[in-house]
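Notes to accompany the following structure.
The values are calculated or read from the model by the stated rules, or taken from the named source; none is laboratory data. Because the structure is predicted, anything quoted here is derived from the model rather than measured. So basically every Cβ, Gly included, is an ideal-geometry build from the backbone, and we count neighbours across all protein chains shown. Accessible surface is based on the protein model in full, side chains and every heavy atom, while ligands, DNA and RNA are left aside. Shrake-Rupley method; radii C 1.70, N 1.55, O 1.52, S 1.80 Å.
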Amino acid sequence: MAGSGRLGVRMGRFKRTIAPLAIAAAGALASANAPAQTLNDALNNRARNSDSRLLVEARDIVYDNDKNTVSAVGNVELYYQGRVLQADRVIYDRKTQRVTATGNARLTEADGTVVTGDRFELTEDFKSGFIDSLRLRQTGPQDGKTVTTRFTAPRAERTDGEVTVFESGTYTACEPCAKNPERPPLWQVKAARIIHNNTERTIYYENARLEFAGVPIAYVPYFSTPDPTVKRKTGFLTPRYIANTALGYGVATPFFWNLAPNYDLTISPAFLSRQGVLGQVEWRHRLSNGSYNIRAAGIFQQDKAAFLPAPYGPREKEFRGSIETAGRFAINEKWNFGWDIATVTDKWFLNNYRIRSESFSSTYAKESISQIYLTGRGDNGFFDLRSYYFKPLSYQDWQKHQPVVHPVLDYNKRFRHLGGIGGEVSFDFNFTSLSRDAAHFQQIPSQQVTLFNFSLPGSRNYNIFDTCAVFQRGQCIVRGVGGSVSRATAQASWRRDFIDPLGQVWQPFAFMRVDGIWQSPNTSRYQNANVANFIDTDADFFGRAMPGVGLTYKFPFVARTANWGTHIFEPVAQIIARPNETRIGRLPNEDAQSLVFEDTNIFEWDKFSGYDRVEGGVRANYGAQYTISTDHGAYANLLFGQSYHLSGRNSFSRGDLANTGLESGLETRRSDYVGRFHIAPNKNLSFTARGRFDEEDLDLRRLELAVNGNVGPVQTSLVYARYSAQPSLGIGQRREGILASGRLNINENWYVNGNVLLDLDQYLTDRAQLIAAGQPAGKQDRFTVSSMGLGFGYGDECTTLQVVYTASFKNAVTGTRQRDQTVMLRLELTTLGQTTVTQNLSGSSSQDGIGQ
């Protein structure tokens, strides 16, 4: 080997741990003739004297003294400070102290980022250098999912391992096509230069264009985005575009200010062509035991004529706005407190300007619900204390009719496995205190009189805020009393199951309930004085007690068949003995006005929905149910039952201030029949039917049908409901409707969906109004589209596209416009951002405060 100037070490798979300059250590050897053992000893000595170590794996290590280089050849892998460099050949130049990797070159960073290229030319620590034909793959979490992004460039330069400059680079978060990797991704950004700064965790694009399927659609001279590892970063967010009849055209440009890891500020001005500048700001703050936010929005309107005059719109208001805050904090693992508070200048602001509100609710009516709460939950009980403020957002609802709840407290504690009596003892306590400005009256059997009547030129007549023509029982009901009402309720109960040798289940139970009611009616304002026609307004305190005992009996028969599975037939009987309910119709009823007699509450001890009413008298409930579960996963259940009032005063036969109980199916000695049928042949298909049938002729009083299916790419839901008229409750016509929704997954990415709500009783109301106005009713369309929606979308690892059309029509409950049509387009490019464009297609006739 002497005089060769070249030393080759072949060890099959050479593996050695050395210092970062250990390859160059070969120059410190006495001569090229040194034996391999001496070389190994020298490398080990250098490694011991260094804190940073390099692990080299290769088939051959070749030292070239003439060129002053050291080469690793064949499946080379170099490990250094968490980085891994892989290539077919790696050459270290001892003069320039640079590493050149060629042939399937691949560099994996400590954070998992993978860089591949045809040729790497790097410094000895792999932090700086040039890369030819670069391909970089970076993975990081974003919005709860793992996102992989890709950069490519003919040539790139790394500086200190922190800044990478891609010349003529491309960027995308899309996976390459598996069948044709050369095909352009769904979208990509091409730029003259892409600069990725790891220190700032920001990607800069110069002279960039956005391409979809290889077709340029947008050009931007300069912009920047956070890299995929960033969860929060100061900067402008994706703009939101606005097109609306009353607001004009506009754009919102939100700016996110990341003040600290646990708090931030978002400022979002919206520039509107018709109304001026809408300002929005949101502050968010997370603490060790919870978080809160504060949001505000406001505008000085430039064109107030776009809206209707009061009380049907906010035309008189120059400034409109809202302030909201929400928070939730944990006191410990069982106790929490929080709030959700909103205040607005008018009931139309949130809807007119499309302000996002956590307090918004449309479950029963369109309203904003503010609350403060303290809750605690344990294994055998709970505590819930809340205060509520209701802000109606419909033109048909009057603020002075709404109660302020201050507060409502619910407490429950259960004790099990007690010695002596055994079974379970439960204690419940409820305290409710509320007040309202004006008593809420409703005419029966149908609403014919309102507080305000008004018509606009070229528009319809507006009749708002319920009231009565005659304030007497039988012609008027009281939904709420003006003034203040408070009630405290305490109940202790006991129950225990006994199972005899035949398998019969006997459950005796007993309870004792005590109520205290304080009232202070306001009879001096609005129409409050008329409450005296219904209750004694001079009395301020009432007491009420209701003890009760009873027995529930069940006898389940269980059979197992080879072909059908398990069958259970279970007759059920229950008897409850109580004294009569007192003061029916002489006490306010605030929380027990919703009474639905059905299969779910036939065996309840008290069938009223709230504490303001309490069921009295002796009553028997009886029925039977059959259940089958097959070995193949099918399930079916059938229940049928009835209730019978045995003695005493029937609490449901005498109406209270709101006539609760009348026409419920429980007002007669023998109640209506209730039933339920549910079948699920498999986990993807189910059908449920529940109904109430007249106790004399089995006429249908209430029917609900629901079908849910998930078969292959099709998901569908169909609900039909029909409820008989209840004139005593102010519901003069039957209610009937169909709600259908569905989704078709065309493939793993594309889908279409839609929904429609059909009002099948609107024609009855329209016909009655025409007859009352002395006009010919004519033939009415039985099928009225109340609302509908159609849409399609696309989704994959890098793109989300949604196009949705929604339309809602005259709705007396929510008070929305007669015809509200909107098209919404939402496009999200993963890691780049998202944009939403909403276009209102409606005409000017409206019921949400918008004028001509």
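For TYR79 and VAL277, FRET efficiency with R0 = 56 Å and r from the beta-carbon atoms, rounded to 0.05? All intermediate terms of the calculation are to be shown ahead of the outcome.
Numbers: r = 57 Å, r/R0 = 1.03.
My answer for the efficiency is 0.45.
Subtract the Cα-Cα distance of SER609 and THR159 from 0.36 nm times their separation in residues, and report this length gain in nm to one decimal.
Going from the current span to full extension adds 155.0 nm.
Under a point spin-label approximation (7 Å from Cα along Cα-to-Cβ), what is the ASN708-GLN821 distance to one decimal in nm?
That separation, rounded to one decimal, is 3.3 nm.
Please give, to one decimal in nm, the separation of the simple spin-label points placed at SER686 and LYS95, each 7 Å out from Cα toward the Cβ.
The answer from the label model is 7.9 nm.
Calculate, for ARG525 and THR450, the FRET efficiency according to 1/(1 + (r/R0)^6) with r their C-beta to C-beta distance and R0 22 Å; round to the nearest 0.05. Walk me through the numbers on the way to the answer.
Values: r = 18 Å, r/R0 = 0.84.
So the FRET efficiency works out to roughly 0.75.
Heavy atoms only, probe 1.4 angstrom, no DNA, RNA or ligands counted: give me ARG193, ARG135, ARG414 ranked by accessible area, highest first.
Numbers: ARG193 80, ARG135 110, ARG414 60 Å².
Result of the area sort, largest leading: ARG135, ARG193, ARG414.
On a full-extension model of 0.36 nm per residue, what is the gain between TYR805 and ARG193, subtracting their alpha-carbon distance, rounded to one decimal in nm?
Numbers: separation 612, 0.36 × 612 = 220.32 nm, distance 3.98 nm.
So the extension gain works out to 216.3 nm.
Among the listed pairs LYS400/LYS607; LYS95/LYS127; LYS190/LYS231; LYS145/LYS233; LYS304/LYS391; LYS334/LYS391, which are separated by more than 21 Å between their Cα atoms? Walk me through the intermediate numbers first.
Working: LYS400/LYS607 30 Å; LYS95/LYS127 18 Å; LYS190/LYS231 24 Å; LYS145/LYS233 18 Å; LYS304/LYS391 23 Å; LYS334/LYS391 31 Å.
Check vs 21 Å cut-off fails for LYS400/LYS607; LYS190/LYS231; LYS304/LYS391; LYS334/LYS391.
Skip the ligands, DNA and RNA, and give the accessible area per residue of the chain with a 1.4 Å probe, whole Å². The partial results should precede the final answer.
Numbers: 41550 Å² over 852 residues.
For the chain, the solvent-accessible area averages 49 Å² per residue.
Of the listed peptides 60-66, 215-221, what is their order by residue-averaged count of other C-beta atoms within 10 Å, with the highest listed first? Numbers along the way, then the final one.
Values: 60-66: 17.6, 215-221: 9.9.
Sorting 60-66, 215-221 by mean packing, highest first, produces 60-66, 215-221.
Counting only other residues whose beta carbon sits under 10 Å from that of LEU85, what net charge do I get with K and R as +1, D and E as -1?
Numbers: positive: ARG83, ARG106; negative: GLU77.
Cβ neighbours under 10 Å give a net charge of +1.
Roughly how big is region 200-270's charge dipole about its Cα centre, with Cβ charges of +1 (Lys, Arg) and -1 (Asp, Glu), in debye to the nearest 20? The partial results should precede the final answer.
Working: 6 positive and 5 negative charges, 33 e Å.
I would put it at about 160 debye.
Identify, among PHE809, THR149, PRO556, the residue whose Cα sits farthest towards the positive end of the charge dipole of the chain, taking +1 on the Cβ of Lys and Arg and -1 on the Cβ of Asp and Glu, with the dipole about the Cα centre.
It is THR149, whose Cα lies furthest towards the positive end.
Only Lys, Arg, Asp and Glu count, each charged at its Cβ (+1, +1, -1, -1), so figure out the dipole size of the chain about its Cα centre, rounded to 20 debye. Don't skip to the answer; put the middle values down first.
Numbers: 94 positive and 84 negative charges, 158 e Å.
Value, rounded to 20: 760 debye.
Which one of ALA721, PHE130, PHE542 has its Cα pushed farthest toward the positive end of the charge dipole of the chain, where Lys and Arg give +1 and Asp and Glu give -1 at the Cβ?
Selected residue: PHE130.
Any idea what diffusion coefficient region 544-658 gets from Stokes-Einstein, in µm²/s, Kirkwood Rh on alpha carbon pairs, 20 °C, 1.002 mPa s? Intermediate values should be presented prior to the final figure.
Working: Rh = 16.2 Å.
Translational diffusion coefficient: 132 µm²/s.
Let me have the relative contact order for the chain, percent, based on Cα pairs under 8 Å that are six or more residues apart.
Values: 2251 pairs, mean separation 50.0, N = 852.
Result for the chain is 6 percent.
Once R0 is set to 30 Å, what does the formula 1/(1 + (r/R0)^6) return for the Cβ-Cβ distance between VAL220 and ARG183, expressed as a FRET efficiency to the nearest 0.05? Provide the component values of the computation, followed by the final result.
Numbers: r = 24 Å, r/R0 = 0.80.
Efficiency at R0 = 30 Å is approximately 0.80.
What GluC sites (Glu not before Pro) in region 164-222 are in a loop by DSSP, with at most 11 other Cβ atoms within 10 Å of the Cβ?
On the way: sites: GLU167, GLU182, GLU200, GLU206, GLU211; in loops: GLU182, GLU200.
Passing both the DSSP loop test and the Cβ count: GLU182.
What angle, in degrees between 0 and 90 and rounded to the nearest 10, separates the Cα long axis of helix 36-48 from the longest principal axis of the Cα atoms of the chain?
50
Sum -39500 (n - 2.57) across every DSSP H segment of at least 4 residues in the chain, then divide by the residue count to get the 222 nm mean residue ellipticity, nearest 500.
Numbers: 3 runs with 28 residues, N = 852.
Result for the chain, helices only: -1000 deg cm²/dmol.
I'd like the carbon and sulfur percentage of the solvent accessible area for the chain, probe radius 1.4 Å, heavy atoms only, ligands and nucleic acids excluded. Could the numbers behind the result be given before it?
Numbers: 22820 of 41550 Å².
Carbon and sulfur: 55 percent of the exposed surface of the chain.
Using alpha carbon coordinates only, what is the Rg to Rh ratio of region 59-105, with Rh defined as the Kirkwood radius?
Working: Rg = 10.5 Å, Rh = 10.9 Å.
Reported Rg/Rh (Cα atoms, Kirkwood Rh): 0.97.
How long is the gain from ALA562 to ASP132 if the chain were fully straight, where each residue apart is worth 0.36 nm and the alpha carbon distance is subtracted? Mind showing how you got there, number by number?
Numbers: separation 430, 0.36 × 430 = 154.80 nm, distance 7.07 nm.
Going from the current span to full extension adds 147.7 nm.
Give the angle, between 0 and 90 degrees and rounded to the nearest 10, that separates the Cα long axis of helix 762-772 from the longest principal axis of the Cα atoms of the chain.
40
By the scheme Lys and Arg +1, Asp and Glu -1, what is the net charge of all other residues having a beta-carbon under 14 Å from that of GLY381?
On the way: positive: LYS334, ARG377, LYS413, ARG414, ARG416; negative: ASP379, ASP384, ASP410, GLU424, ASP428.
Net charge in that neighbourhood comes out at 0.
Once both labels are modelled 7 Å past Cα along the beta-carbon direction, what's the ARG670-HIS632 spacing in nm?
Modelled inter-label distance: 4.0 nm.
Provide the solvent-accessible area of LEU827, counting protein heavy atoms only and rolling a 1.4 Å probe, rounded to the nearest 10 Å².
Its accessible surface works out to 40 Å², give or take rounding.
Counting only residues 5 or more places away or on other chains, whose amide H sits under 5 Å from the amide H of PHE255 once H atoms are built in the peptide plane?
Excluding prolines and chain starts, which carry no amide H, the hits are LEU237, ILE267, SER268.
Express in whole angstrom the spacing between the alpha-carbon centres of region 307-362 and region 488-553.
36
What list of ³J(HN,Hα) values in whole Hz, one per residue of region 492-506 in order, does the Karplus curve 6.51 cos²θ - 1.76 cosθ + 1.60 (θ = phi - 60°) give from phi, with Gly and Pro shown as x?
Rounded to whole hertz, the list is 10, 9, 9, 8, 7, 9, 10, 10, 8, x, 7, x, 6, 10, 10.
Roughly how many whole Å is it from the C-alpha centroid of region 183-239 to that of region 121-181?
Spelled out, the Cα-based centre of one part sits 13 Å from the other.
If you average the alpha carbon positions of region 644-694 and of region 710-738, how far apart do those two centres end up, in angstrom?
16
Charges only on Cβ, +1 for Lys and Arg, -1 for Asp and Glu: so what's the dipole of region 441-571 about the Cα centre, in debye to the nearest 20? Show your work: numbers first, answer last.
On the way: 11 positive and 8 negative charges, 48 e Å.
It works out to roughly 240 debye.
Along the charge dipole of the chain, Cβ charges K/R +1 and D/E -1, which of SER524, SER609, SER786 sits furthest on the positive end?
Comparing the listed Cα positions along the dipole, SER786 ranks first.
How large is ³J(HN,Hα) for each residue in region 721-736, as worked out from phi by the Karplus curve 6.51 cos²θ - 1.76 cosθ + 1.60 (θ = phi - 60°), to whole Hz, x for Gly and Pro?
Computed from phi, the couplings for region 721-736 are 9, 9, 10, 5, 5, 9, x, 5, 9, x, 10, x, 10, 5, 10, 8 Hz.
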